[in-house]
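The values are calculated or read from the model by the stated rules, or taken from the named source; none is laboratory data. Treat the numbers as computed from the prediction; the structure is a model and nothing was measured. Don't worry about glycine lacking a Cβ; one is built from the backbone with ideal geometry, like all the others, and counts go over all protein chains shown. What goes into the accessible areas is simple: the full protein's heavy atoms, side chains included, and nothing from ligands, DNA or RNA. Shrake-Rupley method; radii C 1.70, N 1.55, O 1.52, S 1.80 Å.
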Amino acid sequence: MYTAIGYAAQSATTPLAPMSFQRRSPRPDDVAIEILYCGVCHSDIHQARNEWGIAVYPLMPGHEIVGKVTAVGANVSKHKVGDLVGVGCMVDSCRHCEACAADLEQYCLEGPTMTYATPDRVDGSNTMGGYSDSIVVSEHFVVRIPEKLDLTSAAPILCAGITTYSPLKHYGVKAGDKVGILGMGGLGHMGIKFAKALGAEVTLFTRSASKAEEARHQGADHVVVSTDAAQMQAVAGHFDFLLDTIPVPHDLNPYLDTLRFDGVHILVGLIEPVDPALHAGKLVMSRRVLAGSLIGGIAETQEVLDFCAEHGITCDIEMLDIRQINEAYERMIKGDVKYRFVIDMASLKG
Ligand SMILES: [Zn+2]
Ligand SMILES: [Zn+2]
């Protein structure tokens, strides 16, 4: 064991504050990482404030981790000291179930071990995330950061990036497909970039016309203002896929009308009841599919990092001093960030 430092919430109603705690010494298959940057995800806020009812305190968020390997266990073969590596939303899984065998650890039948606020599978300790100077993770859950990627803008690829990339790949989005992106935050702006890179014709749905120019700057071919009935009517039956990144309950019915028959509406931002209710006829009458997707497996997380390096895709970020993390949360809730905060971990020692 050794003493690490980081920022944690002590309860659902207290702000994040500095904390010292114990990290384990590397086990034979572990990689020890000095954290250089960590992205700030909306899930971090939900968990710090126990909005999903599953928080464990102290809760140290952070699952978009980029850093440098400082030590490796005796059996580690994938990474070596000095390598630039990343850790995303998961740090372990059962490794033998059907999902794990298919490189889909996020759907592990025994439940994956998340990067924070989950009991470690070996010693039962509460996992602590990336708002910290270091982390120790089994090598299977550590990915390589391609040389060509900028380290700071690579961090959000580990959650925001893989979450949007994985469903587009799974459903086989290809050149010429018509893809609608719902919402343009951290996830949505990455969704635009990936759908474009896959050759799709991309439309952003937004509530405010003021976002149109910015959406085109991100690569969107078209913009539909979702509160304008005439604009929604003009795209009825139009899309092959909708990638829905909106993280709060919203009416899915008007969006389903914009799908062609066999079209797929993919939820990646919402893990609450659909409200208002869905009219099943909108699915049945046109064989449409309402689907969901959770992050991506470890192999696919490596794939998306390599894909970003190859296609020059990065996440738009604003660097953050960790001492401003509580203010950053308030700004995120207001949608006042383009598009992801990334903590410069040097500020933890500053
Ligand atoms: Zn996340
Ligand atoms: Zn499993």
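General observations
- The residues on offer are A74, A55, and the sole one that is more than 18 Å from L151 (Cα to Cα), open to solvent by less than 60 Å² (accessible area, probe 1.4 Å) and more than 16 Å from ligand 2 (Cβ to nearest atom) is A55.
- The single condition among (1) over 17 Å from G161 (Cβ atoms); (2) in contact with a Lys or Arg (Cβ under 9 Å, 6 or more places away or on another chain); (3) free of Cβ contacts under 8 Å to residues at least 60 places away in the same chain; (4) not hydroxyl-bearing (S, T, Y) that E318 does not meet is (1).
- Output for region 283-298, where each listed residue is within 20 Å of L187 (Cα to Cα) and more than 15 Å from the chain's Cα centre (by Cα): L290, A291
- Where strands (runs of 3 or more DSSP E) fall wholly inside region 1-91, the ranges with 1 or more residues that are within 23 Å of D103 (Cα to Cα), assigned by TED's automatic domain parsing to the domain that holds G111 and touching a Leu at 6+ places or on another chain (Cβ under 6 Å) are 65-72, 84-87.
- Elements of the type strands (runs of 3 or more DSSP E) sitting completely within region 241-350 and holding at least 1 residues that are open to solvent by 20 Å² or more (accessible area, probe 1.4 Å), closer than 17 Å to I181 by Cα and of a type outside the set (G, A, S): these cover 259-267, 289-292.
- Lone unmet requirement of (1) of a type outside the set (S, T, N, Q); (2) over 28 Å from Y329 (Cα atoms); (3) more than 14 Å from ligand 2 (Cβ to nearest atom) for L84: (2)
- Some residue of region 176-191 being open to solvent by 10 Å² or more (accessible area, probe 1.4 Å) and over 23 Å from I295 (Cα atoms): yes
- Close pairs (6 angstrom Cβ cut-off, 6 or more residues apart or separate chains): of a type in the set (S, T, N, Q) in region 84-107, open to solvent by 70 Å² or more (accessible area, probe 1.4 Å) anywhere: Q106/L294
- Scope region 101-112; condition within 16 Å of ligand 1 (Cβ to nearest atom) and in a helix (DSSP H, G or I); matching residues: E105, Q106
- Sole residue being modelled with pLDDT of 95 or more, within 16 Å of ligand 2 (Cβ to nearest atom), under 18 Å from T115 (Cα atoms) and within 15 Å of the chain's Cα centre (by Cα), chosen from C38, C94, C89: C89
- From G67, G73, G62, residue being under 20 Å from the mean Cα position of the chain (by Cα), of a type in the set (G, A, S) and farther than 16 Å from A328 by Cβ: G67
- Near pairs, Cβ below 8 angstrom, 6+ apart or cross-chain, from region 26-44 (within 16 Å of ligand 1 (Cβ to nearest atom)) to any residue that is open to solvent by 40 Å² or more (accessible area, probe 1.4 Å) and assigned to a strand (DSSP E or B): Y37/D344; G39/I317
- Identity of the residue in region 58-100, β-branched (V, I, T) and more than 16 Å from ligand 1 (Cβ to nearest atom), that ends up nearest to V304 (Cα to Cα): V85
- Residues that are among the β-branched types (V, I, T), more than 15 Å from the chain's Cα centre (by Cα) and open to solvent by less than 60 Å² (accessible area, probe 1.4 Å) within region 99-128 comprise T113, T118, T127, listed in sequence order.
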